[in-house]
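Right, one structure below, let's go through it.
The values are calculated or read from the model by the stated rules, or taken from the named source; none is laboratory data. Given the structure is predicted, the values throughout are model-derived calculations rather than measurements. Here the Cβ positions follow ideal geometry from the backbone for every residue, glycine too, while neighbour counts run over all protein chains shown.
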Amino acid sequence: MSNKFILILLFLVISTTGFAQKKVVFIILDGIPADVLEKVATPHLDEIAKIGGYSRAYTGGIKGGYSETPTISAVGYNSLITGTWANKHNVWDNDIVAPNYHYWTIFKMLKNARPASTIGVFSTWQDNRTKLIGAGLAETGIKALDYAFDSFELDTLSYPHDLGKKYIQKIDNLVSFEAAYQLKTNAPDLSWVYLEYTDDMGHQFGDSPELHAAVELADTQVGRIFDSIKYREEMFGEEWLVLVTTDHGRKASDGKDHGGQSDRERETWIVTNAKNLNDYFKNEKPAVVDLLPSMLRHLDLEIPKSNAGELDGVSLIGAIDFSGLELIEDSGELVLNWKSYVKEGEVELYLSTSNNYQQGLPDRYELIGTVSTINQSFQLPKKYKELDFFKLMLVSPAQTAGIWWSPNKK
Ligand SMILES: [Zn+2]
């Protein structure tokens, strides 16, 4: 088929449907501290950030609070794909013993709303597909993915394991080529690309030329994938949201380990091509849990209110009403604080004392107040202070989000 013919076809598709197809790819580059990323030359990430933006970000939940989350790889991936912290998704380490699949992944949200949509995973670690997304598991209801390219780390014949982790470098490269190929040709509606080598160099050498070289290599691999995005946008008029991030930082002392709650371990970063980044992205430090609401927003995806009320993040693109939810005891009163992004409008506050959602059952919420968003604060009735647990759901014109009161679960 000639390019000209494709363009004519494309014109027909756009003029009959009236809107461009929206697609998402998110890429996790493992364990790159923000200060390292900013030090190393990364022309491809810079190119993406120039279209959209770059921000330092964080992982790890509320430090010292009920949602504190280990700065460990699989834990962070699952925070990204469920939009919740570990107190909900229940992945606490890389063993992934008992994920709580009632907190849906973005893959499940998309497939549930639009069964005909296509999803893909291109990954140097098989568990992302089989355990975190839970493809093929009855509990998740997610069948085999439309595009899956992983498991090479288990093929020790083709990729013999060497201490220097060259085999991981090779697999990352292979994965990036396949991702670039599939995104260019089949263009799944939602894709996850995961590359690991940077983390291996971090563990082995810490802050070092080896880690820096691995970051440069990862940048090249991202560039390969981004070329496919540019091709799709140009040739097919699709609108792509590209999100590149890391899952955790590393210890300040030597840059080797991670898992704790130090500033450098908690600090991550986000690079995106999104042109409609909001003031929250621009002025605050976003979190890994903000990526899922951003994907929902880009895909114009509606999810059930009960699911939305469990989300811990805020969209980084488009209009938002509030961010920075905080539920604290202040001078003996229970106070909910937030930051407002609007000049008018209201937030409805719903409260549930049960948490049946964790078992996949409905909770009964009662409306406890409707408050002007610009107030940025609401004092809860005293009786709730005595409770061990309750959760709030905030519903405003532009968003729905939730927060827990769980003073004894730290
Ligand atoms: Zn990691």
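Name the single residue, out of those in region 260-284 being assigned to a strand (DSSP E or B) and within 14 Å of the ligand (Cβ to nearest atom), that is surrounded by the fewest Cβ atoms within 10 Å (Cβ to Cβ).
267
Please verify whether residue 260 is over 27 Å from residue 226 (Cα atoms) and touching a Phe, Trp or Tyr at 6+ places or on another chain (Cβ under 9 Å), treating the condition exactly as stated.
So residue 260 fails the test.
Taking the conditions exactly as written (of a type outside the set (Phe, Trp, Tyr), surrounded by 20 or more Cβ atoms within 10 Å (Cβ to Cβ) and in a strand (DSSP E or B)), does residue 351 satisfy them or not?
So residue 351 passes the test.
Being in a helix (DSSP H, G or I), among the hydroxyl-bearing types (Ser, Thr, Tyr), buried (at least 22 other Cβ atoms within 10 Å of the Cβ) and at pLDDT 95 or above: is that true of residue 323 here?
No; evaluated as a whole, the condition is false for this residue.
Considering each of 95, 172 in turn, give the residue that is buried (at least 19 other Cβ atoms within 10 Å of the Cβ), over 16 Å from the mean Cα position of the chain (by Cα) and of a type in the set (Asp, Glu).
Matching residue, one of 95, 172: 172.
Counting just the residues of region 56-96 that are of a type in the set (A, V, I, L, M) and within 12 Å of the ligand (Cβ to nearest atom), which one comes out nearest to residue 250 (Cα to Cα)?
Only one residue tops the list, namely 72.
For region 298-314, give me the residue count where each residue is in a helix (DSSP H, G or I), within 19 Å of residue 393 (Cα to Cα) and under 15 Å from the mean Cα position of the chain (by Cα).
1
Every residue in region 220-259 that is among the aliphatic types (A, V, I, L, M) and either within 13 Å of the ligand (Cβ to nearest atom) or part of a loop (DSSP other than H, G, I, E, B) (or both), please.
The answer is 252, and nothing else.
Is it true that residue 106 is β-branched (Val, Ile, Thr), in contact with a strand residue (DSSP E or B) (Cβ under 7 Å, 6 or more places away or on another chain), away from the ligand (no atom under 15 Å from the Cβ) and under 24 Å from residue 189 (Cβ atoms)?
Yes.
Could you please find all residues in region 197-219 being small (Gly, Ala, Ser), touching a residue at least 24 places away in the same chain (Cβ under 8 Å) and more than 16 Å from the ligand (Cβ to nearest atom)?
The one that is small (Gly, Ala, Ser), touching a residue at least 24 places away in the same chain (Cβ under 8 Å) and more than 16 Å from the ligand (Cβ to nearest atom): 208.
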